[in-house]
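Here is the structure we will look at.
The values are calculated or read from the model by the stated rules, or taken from the named source; none is laboratory data. Here the structure is a predicted model, which is why all the values come from computation and not from measurement. Positions of Cβ are backbone-derived with ideal geometry, glycine not excepted, and every protein chain shown enters the neighbour counts. Surface areas here come from the heavy atoms of the whole protein model, side chains and all, with no ligands, DNA or RNA. Shrake-Rupley method; radii C 1.70, N 1.55, O 1.52, S 1.80 Å.
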Amino acid sequence: MMPGNAVPVVRILVIDDNAAIHEDFRKILIKPHALDHRLLDMEATLFGAEIRTEKRGFFEIDSAFQGRDGLALVQKALSKGHPYALAFVDGRMPPGWDGIETIHHLWQECPDLQVVLCTAYADYSWQEICRVLGETDNLLILKKPFDDVEVLQIAHALARKWELNREVQSRIENLDGMVRQKTEEKDRIGAMLEAALAHSPAGIIVSEAKEVSLRWANPAALNILGETLLFCPAKGEHGSGWRALRPDGIPYAPEDLPLFRAAIKGETIRNEQFIIRNSKGLEKWISSNAAPVRDADGFISAGILIFEDITELRKVQAEKIEALTAAAEAQKFALVGQIAGKMAHDFNNILGVIMGNSELALMDCPHEKTKKTLELILEQTLHGKNLTQNLVAFAKDHEPKQEFFDLNEKIELVIGLLKKDLEGIQVTREYSPDLPELLADPGMIEHAVVNLIQNSIHAVSLVRQPEIIIRTHHQKGRIIMEIEDNGCGIPEEFLGEIFEPSFSLKGSRDKKGFYKSGIKGTGYGMSNVKKYVNQHKGAISVRSKLQKGTKVTITLPVMKKELTAKEVREIKKEKICFKKYILLVEDEQAIADVQYRILTHESLSHKVDLAGSGKAAMDALNRNTYDLISLDYILPGDLNGMDVYHHIRKTDKTVPVLFISGNIEFLESIKALKQKDPHIEHLSKPCRNIDYVNCVNQMLGRSLNR
């Protein structure tokens with residue numbers, strides 16, 4: 001058993017017919033390694049430092065007294081994978097083989113065995129030994145009687161030589177294996193490369209260096225082009241059926257084509273895209289890579305062109321860019337929508353307090369002057385309500401509110417709002433007197449008109465006699481509005497971009513000085529106008545001429561104002577519901593007070609419980625059974641209106657729930673929710689008292705009729 005820190009055992013075979021010789025070898029080769037380690041420790045202690053000694057290998061010695069026995073041991077060691085490194089062989093071993101014959105047999109079995117021939121007589125000359133065994137460096141001759149140190153040195157030197165020979169042989173075998181593997185891999189790769197080039201979907205052309213004549217082309221090159229003359233013109237052949245054009249439409253000169261530049265000028269071309277067009281007008285987009293092929297001396301011996309038909313890819317990329325652009329804009333609107341929703345909610349709460357108290361004050365107001373003031377306040381709160389709804393519409397798409405209104409009056413309202421901005425501008429009105437009322441979202445249409453007139457005001461800012469003409473008329477079931485100015489106009493190359501979000505020619509983008517200093521654009525005006533028009537199933541067109549003016553035309557569908565006879569009969573059937581039990585969930589105290597006073601008014605006489613948070617509402621629902629729940633969406637704390645709604649539906653699937661909210665997040669979910677639950681309704685904040693009462697009454701009525 002070797003010590004834990006020992007180096008591997010080196011096996012030595014001694015073949016001699018004299019037992020005493022065997023004992024001598026053991027004493028010489030094994031005894032030095034049996035030193036008492038305690039002696040070494042004492043030595044280290046005495047000298048005060050660790051003594052550094054060279055670790056020598058451990059020898060394992062086997063004995064054989066005849067050559068045949070030694071051969072048998074060598075064969076056995078080889079079969080077990082633990083061969084001898086060194087053999088000490090006696091020259092004379094009667095009656096069997098002598099030393100030379102024994103060595104001959106040993107080397108036949110183990111050619112790398114290191115051998116020391118031990119002899120006291122010159123039975124063979126060196127020439128005779130070489131003649132029998134061949135010239136070799138695996139043999140040493142040791143004369144008897146031998147010196148102990150000499151034996152020890154020979155044993156270590158030949159053992160180390162044997163180990164090094166084995167390492168070298170192992171490395172040679174590994175290298176042979178690697179070379180063989182690399183050669184096989186190279187052959188395999190060569191075959192794969194040849195097959196890949198032949199089956200590559202990319203066209204590949206290899207040309208001669210000097211004349212750029214064709215040397216080789218794969219099938220794909222012919223499939224894409226039908227020929228190779230475009231890139232490799234051949235003598236005696238007519239010109240190619242294709243022409244190569246740069247992306248801007250300018251034709252390539254032959255010497256400027258990628259393969260020419262690679263084979264003649266030594267250029268490396270990467271991802272150069274161009275158009276090829278044949279005599280029939282068929283166009284393809286090509287992406288090309290080309291490079292020179294150089295010989296061992298660095299001279300260009302050939303040129304290679306790899307090209308692909310990327311026509312479909314270009315189309316897909318264009319569609320992807322368009323989709324990504326739309327997604328980016330949608331993301332912007334979503335972010336604005338989140339902010340707008342929170343602003344609208346808070347602003348709506350303020351408007352709700354003003355609107356509710358104004359309506360309550362009007363009910364018992366005896367003074368005409370005060371009444372007019374209250375009516376003005378109410379009118380402006382309604383206008384503010386439209387503005388907040390427009391803010392939500394501006395930020396996020398949702399279903400427009402449908403109301404009948406006079407478009408001419410709406411335009412006049414906008415002109416009044418922009419009165420100061422319109423100072424010094426001739427405003428010409430050409431309104432149709434019999435224009436039908438428009439069924440649309442008043443806030444959206446107002447915002448669209450504001451944007452269009454504001455654009456015209458900006459466009460005429462440097463015109464000496466500025467004029468804006470506004471026309472309305474109708475034909476074939478369409479209401480038409482035109483806003484025309486004599487301003488700076490829009491450059492023709494930008495007409496296709498004016499509806500793109502963030503596009504503007506004002507402010508820092510006004511490179512030609514068309515607008516008065518200080519005028520800036522948001523870039524979202526026209527995109528939102530188009531969005532509003534599309535949401536109302538309308539159309540918009542723009543005609544413009546530089547320094548002459550711009551005309552914007554909007555057409556919107558005419559909807560019939562009259563109700564059907566069936567709808568009239570249903571309305572007449574409506575009855576007021578009295579003395580019902582209602583839970584009012586509203587965190588804004590002012591709005592809660594108004595709604596409470598409305599619901600408990602003597603004309604309705606409902607019993608109302610108030611809850612200012614989601615938790616308070618759930619507690620009330622756990623204690624009582626209500627006929628209707630009026631529910632705000634945004635509530636303080638961790639629970640919102642939707643959480644309260646789901647709590648209600650766990651125990652009561654049919655009790656009417658009226659949501660009161662203008663929150664965008666809620667507006668996104670309410671559409672799908674209403675399809676699943678027919679017992680919910682929604683009113684946007686702020687809502688008029690009459691709208692609130694009517695909605696509550698209708699929901700209670702439907703509940704009673706079930």
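Residues whose amide H falls under 5 Å from that of residue 635, counting only those 5 or more places apart or on a different chain, are 641, with hydrogens built in the peptide plane. Checking the Cα-Cα distances for 607/653; 410/580; 315/551; 80/144 against a 29 Å cut-off, the pairs over it are 410/580; 315/551; 80/144. Accessible surface for the stretch 156-292, divided over its residues, is 62 Å² per residue with a 1.4 Å probe. Annotation: amide H-H contacts under 5 Å for residue 87 (H modelled 1.01 Å from N, sequence separation of 5 or more, or interchain): 13, 114, 115, 116. Quick check of the Kirkwood formula: for the stretch 202-290, what is the inverse mean of 1/r over all pairs of different Cα atoms, in Å? Result for the stretch 202-290, one decimal place: 13.3 Å. The distance linking the stretch 81-119 with the stretch 433-476 is 116 Å (Cα centroid to Cα centroid, whole angstrom).
Count Lys and Arg as plus one, Asp and Glu as minus one, and take only other residues whose Cβ is under 11 Å from that of residue 360; the net charge is then -2. Here's how it looks for residue 218: its modeled amide H is under 5 Å from those of 204, which are all 5 or more places away or on a different chain. In order along the stretch 254-266, phi translates into HN-Hα couplings of x, 6, 9, 5, x, 5, 4, 5, 6, 6, 9, 9, x Hz, rounded to whole numbers, per the Karplus curve 6.51 cos²θ - 1.76 cosθ + 1.60 with θ = phi - 60° and x for Gly and Pro.
Once you've got the Cα coordinates, tell me which of 615/650; 420/531; 27/161; 476/530 are over 19 Å apart. 420/531; 27/161; 476/530, as the Cα separations exceed 19 Å there.
3J(HN,Hα) along the stretch 580-586: 9, 9, 10, 9, 9, 10, 8 Hz, from the Karplus curve 6.51 cos²θ - 1.76 cosθ + 1.60 with θ = phi - 60°, whole Hz, x for Gly and Pro. Sequence-ordered 3J(HN,Hα) estimates for the stretch 98-106 from the Karplus curve with 6.51, -1.76 and 1.60 and θ = phi - 60° stand at 7, x, 5, 5, 4, 4, 4, 5, 4 Hz, glycine and proline given as x. What percent does the relative contact order of the stretch 196-280 come to when contacts are Cα pairs within less than 8 Å and at least six residues apart? This gives 24 percent for the stretch 196-280. The stretch 150-202 and the stretch 13-27 have Cα centres separated by 41 Å.
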